[in-house]
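The values are calculated or read from the model by the stated rules, or taken from the named source; none is laboratory data. This structure is a prediction, so every number in the text was calculated from the model and none was measured. So basically every Cβ, Gly included, is an ideal-geometry build from the backbone, and we count neighbours across all protein chains shown.
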Amino acid sequence: MSTIDFEINKEYCRVITPSQLTPDKNWISYSLYIRVDEVEYIRVGKLGSFRFAPGDYIYSGSARRGISARVNRHLRQEKKLRWHIDYLLAAPSVQITRVRLSTASECRLVAEGGGAVVVSGFGASDCSNSCGSHLRCLSC
């Protein structure tokens, strides 16, 4: 498994361009390292409403084609709420602190990332590996 990390500064939202990615790598998945600074009560689409405690979270997703576009979409403030992660990222005290791209599957990233399941089914609607959730709390 190969990985590449990008630190994200709250003041300056870094854009990841395809030219920054090693061309010989097949980047297919990503992990967003997320910080929640205050308690947030968030309605997550059809999953329902949930309490997110302050702490550090990790979310893993995939984008077999156009991974830089997917990650940059997550980094944007203004966007249509489409995926579960969009609802969390729209909350005022939530920010992405780091992005990791990987050649491994998103399910492998979830398995190796550790942490506790926060919302069952979060980001895992189409998961066939019984991950339970692609969002984990690392320090809540």
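Can you run down the residue pairs with Cβ atoms below 7 Å, 6 or more apart or on separate chains, where the first is in the stretch 70-91 and in contact (Cβ under 8 Å) with a residue 24 or more places away in the chain and the partner is in a helix (DSSP H, G or I) and among the small types (Gly, Ala, Ser)? Taking only residues 6 or more apart or on different chains, the pairs are 84/45; 87/45. Answer with yes or no whether residue 63 is touching a Lys or Arg at 6+ places or on another chain (Cβ under 9 Å) and either surrounded by fewer than 19 Cβ atoms within 10 Å (Cβ to Cβ) or at negative phi (or both). Judged against the criteria, residue 63 is a match. Restricting to the stretch 92-124, and then to whatever is free of Cβ contacts under 8 Å to residues at least 24 places away in the same chain and of a type in the set (Gly, Ala, Ser), can you tell me which residue is farthest from residue 39 (Cα to Cα)? It comes out as 111.
Evaluate the stretch 52-74: report whether one residue or more is more than 21 Å from residue 29 (Cβ to Cβ) and either modelled with pLDDT under 90 or in contact with a helix residue (DSSP H, G or I) (Cβ under 8 Å, 6 or more places away or on another chain) (or both). Scanning the stretch 52-74, I find at least one residue that is more than 21 Å from residue 29 (Cβ to Cβ) and either modelled with pLDDT under 90 or in contact with a helix residue (DSSP H, G or I) (Cβ under 8 Å, 6 or more places away or on another chain) (or both), so the answer is yes.
One residue stands out in the stretch 32-52 among those that are of a type in the set (A, V, I, L, M) and under 26 Å from residue 107 (Cβ atoms): the one that is surrounded by the fewest Cβ atoms within 10 Å (Cβ to Cβ), namely 47.
Within the stretch 76-105, restricting attention to residues that are assigned to a strand (DSSP E or B) and either among the charged types (D, E, K, R) or over 14 Å from the mean Cα position of the chain (by Cα) (or both), which residue is nearest to residue 26 (Cα to Cα)? Per the stated criteria, the residue is 100.
Being at pLDDT 95 or above and polar (S, T, N, Q) holds for only one residue in 49, 19, 31, and it is 49.
Would you confirm, using the coordinates I've provided, whether residue 132 is without any contact (Cβ under 8 Å) to a residue 24 or more places away in the chain, surrounded by 14 or more Cβ atoms within 10 Å (Cβ to Cβ) and assigned to a loop (DSSP other than H, G, I, E, B)? Yes, satisfied.
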